[in-house]
1. Being more than 18 Å from residue 65 (Cβ to Cβ) and either touching a strand residue (DSSP E or B) at 6+ places or on another chain (Cβ under 7 Å) or surrounded by 13 or more Cβ atoms within 10 Å (Cβ to Cβ) (or both) is the filter here, so list the residues in the stretch 2-38 that pass it.
2. Does residue 34 satisfy being more than 10 Å from the chain's Cα centre (by Cα) and farther than 15 Å from residue 6 by Cα?
3. Among the residues of the stretch 43-56, write down those that are surrounded by 11 or more Cβ atoms within 10 Å (Cβ to Cβ) and within 21 Å of residue 16 (Cα to Cα).
4. I'm checking my understanding of the structure. Among residues of the stretch 57-74 that are without any contact (Cβ under 8 Å) to a residue 40 or more places away in the chain and under 16 Å from residue 18 (Cβ atoms), which one is surrounded by the most Cβ atoms within 10 Å (Cβ to Cβ)?
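What follows draws every value from the coordinates through simple rules; no lab data is involved. No experiment lies behind these values; they were computed from the predicted model shown. Here the Cβ is made from the backbone with ideal geometry for all residues, glycine too, and neighbour counts use every protein chain on show.
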């Protein structure tokens, strides 16, 4: 089973917010999640846009979960290192 870390979309039209989640790569975007790592709310003020549980994120990255390009940039913004094997 290939595991991905990606965004799950919520919110109303033109007012999106996202949860950063871990799920099977075969699941649809808003499908059943394995774990929830944080939130990304792009409309909020700069300091309130992003909350990530660093311990969970590092744990899933160590287990081999592959972040999507957008999540990769959000993790870099939070100073969470993504180890390359």
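1. As a first pass, look at the stretch 2-38 and keep what is more than 18 Å from residue 65 (Cβ to Cβ): 9-17, 30.
Within the stretch 2-38, 9, 10, 11, 16, 17, 30 meet the criteria.
2. On the way: more than 10 Å from the chain's Cα centre (by Cα): yes; farther than 15 Å from residue 6 by Cα: no.
No; evaluated as a whole, the condition is false for this residue.
3. Looking only at the stretch 43-56, we keep the residues that are surrounded by 11 or more Cβ atoms within 10 Å (Cβ to Cβ), and these are 43-44, 49-54, 56.
If the condition is that a residue be surrounded by 11 or more Cβ atoms within 10 Å (Cβ to Cβ) and within 21 Å of residue 16 (Cα to Cα), then 43, 44, 49, 50, 51, 52, 53 are the ones that fit.
4. Top of the filtered list is 72.
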